[in-house]
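Asker: Take a look at the following structure, please.
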Amino acid sequence: MKTKILVTGGLGYIGSHTVLELLCAGYEPVIADNLSNSRIGILDQIEMISGVRPAFHYIDLCNEGQLARLIADNEDIAGVIHFAAHKAVGESVAEPLKYYRNNFDSLLNILKVFEGRRLNLVFSSSCTVYGQPDELPVSEAAPVKKAESPYGNTKQVAEEMLQDIAAADSLKRIISLRYFNPVGAHASALIGELPSGVPQNLVPYVTQSAAGKRGPITVFGDDYDTPDGSCIRDYIHVVDLAAAHIAALKLLEKQEGTSNYDVFNIGTGTGYTVLELIRAFEENTGVKLNYHIGPRRAGDIVKVWGDVRKSTQQLGWQAKHGIAEMMRSAWAWEQYLQTNDIK
Ligand code: UDP
């Protein structure tokens with residue numbers, strides 16, 4: 001019997017890669033997704049890559065009744081990986097209610113339908129909880145800073161809620177994974193990130209600009225206190241990030257000698273500036289980029305990269321892909337989109 005895992009947002013960028021990793025690891029993923037930021041076609045791609053078509057449920061997690069029915073029909077679900085959430089920082093500032101409503105209602109409904117039952121839960125959190133860290137690399141023990149956006153606040157508050165719930169209910173075992181900057185795509189180039197509208201994140205903007213879909217890249221500031229003046233991030237290959245969820249599930253399954261709630265940084269532990277990333281893209285794809293230096297972006301973190309020793313030691317997980325594979329796979333995916341005229 002395979003262990004059944006509910007993957008909310010399982011057709012999204014990180015969700016779809018995690019579904020593949022679950023299949024590889026011998027789990028049976030069950031996907032719940034409302035397609036608000038994903039496409040049903042991703043299910044075909046998952047099947048093409050893995051040879052398996054996972055169960056898919058088109059439901060809105062904010063609808064407790066729909067979720068309760070799904071769980072009632074799948075009583076053997078042993079764990080949940082919860083990706084489904086709104087994630088655009090700028091939009092969350094403009095429409096905070098939409099963010100608080102969706103991101104909290106969905107999480108609370110999951111916890112509600114598992115009331116009185118055992119639940120292993122892996123929650124998608126973010127290094128955004130650290131704000132601008134005082135020390136680098138930033139470890140899980142660093143203080144959580146006041147969130148800069150309602151989006152960031154949904155992650156912080158959710159982490160606190162989950163900690164309280166795990167403390168009060170021994171049937172709940174929960175891990176929050178604090179993602180650094182996920183980039184890249186599956187080696188097949190059949191799944192990847194599909195931003196809606198003009199990409200706000202650096203790498204999808206870079207690949208779209210390289211493909212001629214967008215104008216030149218604007219580097220948001222080159223006068224920061226960093227080696228070349230542009231901001232530093234810890235970019236993590238999405239396939240490595242997906243694998244971290246399997247490691248987290250396995251730790252939750254272990255029970256003995258582990259706590260009911262924990263947090264882990266998921267990054268490579270290495271930072272790259274924006275200009276270094278642009279150079280890495282050019283070197284690894286042979287494609288020349290057009291870019292210019294623009295003004296700073298309001299609210300940007302200057303530099304952040306993770307201390308990943310805890311993940312290495314306790315999750316037994318480590319990033320395997322470097323910046324070269326991140327850039328090559330992101331470009332291969334962009335080319336797949338172009339060849340197949342996927343907008
Ligand atoms: N960035 C940039 N130009 C862009 C998009 C992003 O220079 O068009 C920079 C941004 O200032 C930041 C880094 O790239 O230093 C990563 O930005 P992203 O929005 O991808 O991630 P986040 O800031 O949320 O970590």
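The values are calculated or read from the model by the stated rules, or taken from the named source; none is laboratory data. Only a predicted model underlies this, so the values are computations on that prediction, with no experimental measurement involved. In this analysis, Cβ positions are derived from the backbone assuming ideal geometry, glycine residues included, and neighbour counts consider all displayed protein chains. The protein model used for the area step is the full one, side chains on, heavy atoms only, and it has no ligands, DNA or RNA in it. Shrake-Rupley method; radii C 1.70, N 1.55, O 1.52, S 1.80 Å.
Asker: Please go through (1) within 16 Å of the ligand (Cβ to nearest atom); (2) over 18 Å from the mean Cα position of the chain (by Cα); (3) in a helix (DSSP H, G or I) for Thr128 and return the number of the only condition it doesn't satisfy.
Answerer: (2)
Asker: If you check every pair at least six apart or on different chains, which have Cβ atoms under 7 Å apart with a residue in segment 1-15 that is over 14 Å from Ala242 (Cα atoms) first and a residue that is in a loop (DSSP other than H, G, I, E, B) and open to solvent by 20 Å² or more (accessible area, probe 1.4 Å) second?
Answerer: Lys2/Gly26; Lys4/Asp76
Asker: Now for a separate question. Going through segment 309-329 one residue at a time, which ones are outside any loop (DSSP other than H, G, I, E, B) and more than 16 Å from the ligand (Cβ to nearest atom)?
Answerer: Those that are outside any loop (DSSP other than H, G, I, E, B) and more than 16 Å from the ligand (Cβ to nearest atom): Arg309, Lys310, Ser311, Thr312, Gln313, Gln314, Leu315, Ala324, Glu325, Arg328, Ser329.
Asker: Please pick out the residue among Ala141, Ala185, Ala147, Ala189 that is buried (at least 22 other Cβ atoms within 10 Å of the Cβ), in a loop (DSSP other than H, G, I, E, B) and of a type in the set (A, V, I, L, M, F, W, C).
Answerer: Answer to the selection: Ala185.
Per-residue answers, yes or no, for (1) open to solvent by 60 Å² or more (accessible area, probe 1.4 Å); (2) touching a residue at least 24 places away in the same chain (Cβ under 8 Å); (3) within 17 Å of the chain's Cα centre (by Cα):
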{"site": "Val30", "(1), (2), (3)": "no, yes, no"}
{"site": "Ile59", "(1), (2), (3)": "no, yes, no"}
{"site": "Lys98", "(1), (2), (3)": "yes, no, no"}
{"site": "Asn109", "(1), (2), (3)": "no, yes, no"}
{"site": "Ser124", "(1), (2), (3)": "no, yes, yes"}
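Asker: A follow-up question, please. Give me the residue from segment 166-181 that is under 30 Å from Arg117 (Cβ atoms) and polar (S, T, N, Q) and, out of that set, farthest from the ligand (Cβ to nearest atom).
Answerer: Within segment 166-181, the match that is farthest from the ligand (Cβ to nearest atom) is Ser170.
Asker: Can you tell me which residue is farthest from Ala324 (Cα to Cα) among those in segment 182-221 that are among the charged types (D, E, K, R) and more than 10 Å from the ligand (Cβ to nearest atom)?
Answerer: In this case the residue turns out to be Lys213.
Asker: Within segment 64-85, is there a residue that is assigned to a helix (DSSP H, G or I), under 22 Å from Ala247 (Cα atoms) and free of Cβ contacts under 8 Å to residues at least 40 places away in the same chain?
Answerer: no
Asker: OK, next. Would you check if there is a residue in segment 272-280 being more than 12 Å from the ligand (Cβ to nearest atom), within 22 Å of Tyr179 (Cβ to Cβ) and modelled with pLDDT of 95 or more?
Answerer: For segment 272-280, residues more than 12 Å from the ligand (Cβ to nearest atom), within 22 Å of Tyr179 (Cβ to Cβ) and modelled with pLDDT of 95 or more: present.
Asker: Using beta carbons and a limit of 7 Å, which pairs, at least six apart or on different chains, have the first residue in segment 205-224 and more than 18 Å from Ala330 (Cβ to Cβ) and the second one within 10 Å of the ligand (Cβ to nearest atom) and among the β-branched types (Val, Ile, Thr)?
Answerer: Partner pairs satisfying both residue conditions: Asp222/Ile293; Tyr224/Val302.
Asker: For Glu75, which of the numbered conditions (1) of a type outside the set (Val, Ile, Thr); (2) surrounded by 16 or more Cβ atoms within 10 Å (Cβ to Cβ); (3) more than 18 Å from the chain's Cα centre (by Cα) fails to hold?
Answerer: Only one criterion is unmet by Glu75, namely (2).
The rows are residues; the columns are (1) open to solvent by less than 50 Å² (accessible area, probe 1.4 Å); (2) part of a helix (DSSP H, G or I); (3) within 25 Å of Ala330 (Cβ to Cβ).
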| site | (1), (2), (3) |
| --- | --- |
| Met1 | no, no, no |
| Gly10 | yes, no, yes |
| Ile14 | yes, yes, yes |
| Asn37 | no, no, yes |
| Leu43 | yes, yes, yes |
| Ile46 | yes, yes, yes |
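Asker: Please verify whether segment 282-293 includes one or more residues that are buried (at least 20 other Cβ atoms within 10 Å of the Cβ) and within 13 Å of the ligand (Cβ to nearest atom).
Answerer: Taking every residue of segment 282-293 in turn, none turns out to be buried (at least 20 other Cβ atoms within 10 Å of the Cβ) and within 13 Å of the ligand (Cβ to nearest atom).
Asker: Please count how many residues of segment 254-308 are β-branched (Val, Ile, Thr) and part of a strand (DSSP E or B).
Answerer: The qualifying residues number 4.
Asker: With respect to Glu91, determine if the residue is open to solvent by 40 Å² or more (accessible area, probe 1.4 Å), part of a loop (DSSP other than H, G, I, E, B) and not small (Gly, Ala, Ser).
Answerer: Answer is no for this residue.
Asker: Counting only residues that are part of a helix (DSSP H, G or I) and β-branched (Val, Ile, Thr), which one in segment 194-245 is nearest to Phe180 (Cα to Cα)?
Answerer: Val238
Asker: Still on this structure: Just to verify a result, which residue in segment 150-177, among those that are small (Gly, Ala, Ser) and in a helix (DSSP H, G or I), is farthest from Gln314 (Cα to Cα)?
Answerer: Gly152
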